[in-house]
Structures are given as C-alpha cells and as structure tokens.
Amino acid sequence: MGKFHIQIPLCSIVLLSFSFVHCINQDPIAVQDWFKGLDTMQEKVTKLHFYFHDIVSGNSPTAMRVAKPTGYTGLVNTLTGFGSVVMADDMLTSGPEPNSTVVGRAQGFYASASMEDIGFLMTMNFAFSDGDFNGSSLSLLGRNPVLHEYREMPIVGGSGVFRMARGIATAKTYKFNLLGDAVVEYNVMVVHY
Ligand SMILES: *[C@@H]1O[C@H](CO)[C@@H](O)[C@H](O)[C@H]1NC(C)=O
Ligand SMILES: *[C@@H]1O[C@H](CO)[C@@H](O)[C@H](O)[C@H]1NC(C)=O
C-alpha cells in the first residue's frame, strides 16, 4: 500500500474492509447489486496526497497544446492564453521528485478559459495504479487560477473504490520552470462508500 493516502473511517473497521471488496471491471449485474447495497453502506472519507508532473518541454512531453484560437491574436490571448487547450497524460507520484513512486496518471485536458487572468478549466481523470486504488479513478472538474497559492477544485465522481465519490482537490504549485513545466502538489479529500 502506498504512502500517498490515508483512510479516515467514519464507520467500523468491519464496514471499511467490506467496502473494499467491491472493485473494478465488474459486470453490470455486479454493479446493480452494489447499488442495491447502498442503503447499508456507510460513507467514509479518504485523503490522498500526490504530486502532478506537467511536462510540456523537451523530447517527451506529457502535456501538449492541441488547440488554440485562430483569426484573433489580440491582447487577451497574449496575456492569458485564452482559448488554448492542452491535453495531458501526466504522471502522479507520491513525492515531488519525478523518480518517486508512480501512483497514477492525470489524463484529460486543461484549457485557458479566463479573459481577465490566467484561469484554466480543468477536466481531468486521476487514474490510480497503486495499492488499494489500483484501477480506480477520480474525476476532477474545476477552475484553476494557477497563479494563486491554493486552487480548490471539485471532485465530481469516481469509479472502482471511488464509486459515487465527491470531494475537494487543493492544488499548490511545488515548482515550475520558464519552459512551462510544473510540479503541482495535490491534496484530495473525498467522501465515498
Ligand atoms: C531521484 O533523483 C534524485 C535527484 O533528482 C536523486 O538524488 C535520487 O537519488 C533519486 N532517487 C532514486 C531512488 O533514484
Ligand atoms: C495494478 O493492477 C494491474 C492490473 O490488475 C496489475 O497488472 C499491476 O501490477 C497493478 N499494479 C500495482 C502497483 O499493484
């Protein structure tokens, strides 16, 4: 089990271990049965902590611009990048160094959606590959004003052990360089079954 998460049980240990029995790649009947059991399941809170490596430069970038506005090159785009869309398959690791344990990938896109400051629309799936969360995912949809110290973004759902998840991700830039590469620290609190 990775060090990147801790469980905060809201219920008994029995229910906690039971709730990890349901898992991934289940057929539709198994999913239906899981929903039938919802009434008897207790919600719990899980905290995750990891680092997101957004690499846009060099020979093997994991994030690349796939769209930008055409036909308009006014001040708005120049200052805020408004209209640019970047698709990413970024590594998530337990520590800030790129060689620390990989716990998953952040797959999705971010797009410059603000004309007045630098503010991204984030549409990301965190696909976990470590420990109890291997094969499970969380979906993030939110606004990311990257120059702010803390950016709070909603977790709107999940799969596998994170079925019906909702929560809050807090992002903080750990380091960045002038080429645009960034390492971002994520703390995620989710409520799920
Ligand atoms: C990870 O990289 C750092 C330098 O960035 C190095 O000091 C450390 O030894 C590396 N760790 C492993 C396990 O390779
Ligand atoms: C995650 O699950 C996949 C598929 O079941 C497996 O191949 C892989 O070894 C697992 N990874 C870890 C770190 O447990």
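Just so it is clear, none of the values below were taken in a lab; they were calculated from the coordinates. Since the structure is predicted, the reported quantities are computational estimates derived from the model, not experimental observations. As a convention, Cβ positions derive from the backbone with ideal geometry for all residues, glycine included, and neighbour counts pool all protein chains shown.
Quick notes on this structure:
- Taking GluC sites (Glu not before Pro) across the stretch 105-193, the ones in a DSSP loop with at most 16 further Cβ atoms lying within 10 angstrom of their Cβ are Glu116, Glu149.
- Between Asn25 and Leu178, the FRET efficiency estimated from the beta carbon spacing at R0 = 41 angstrom works out to 0.45.
- Most mobile of Leu38, Leu178, Leu140 in a GNM of the chain (Cα contacts under 10 Å): Leu178
- Reach of Lys36 by Cα under 23 Å, taken over lysines that are not fewer than 8 positions away in the same chain: Lys44
- Those chymotrypsin sites (Phe, Trp or Tyr not before Pro) in the stretch 48-117 that DSSP places in a loop and that have at most 13 other beta carbons within 10 Å: Tyr72
- Global size of the chain as Cα Rg and Dmax, reported in angstrom: 18.3, 61
- Taking 0.36 nm per residue of sequence separation and removing the Cα-Cα distance, the Lys68/Met115 pair yields an extension gain of 15.5 nm.
- Within the listed set Gln26, Gln107, Gln42, the residue fluctuating most in the Gaussian network model of the chain (springs between alpha-carbon atoms under 10 angstrom) is Gln26.
- Charge dipole (debye, nearest 20) of the chain; +1 at Cβ of Lys and Arg, -1 at Cβ of Asp and Glu: 100 debye
- In the chain, the DSSP-assigned H stretches of four residues or longer account for a calculated mean residue ellipticity at 222 nm of -3000 deg cm²/dmol, using -39500 (n - 2.57) per stretch and the full residue count as denominator.
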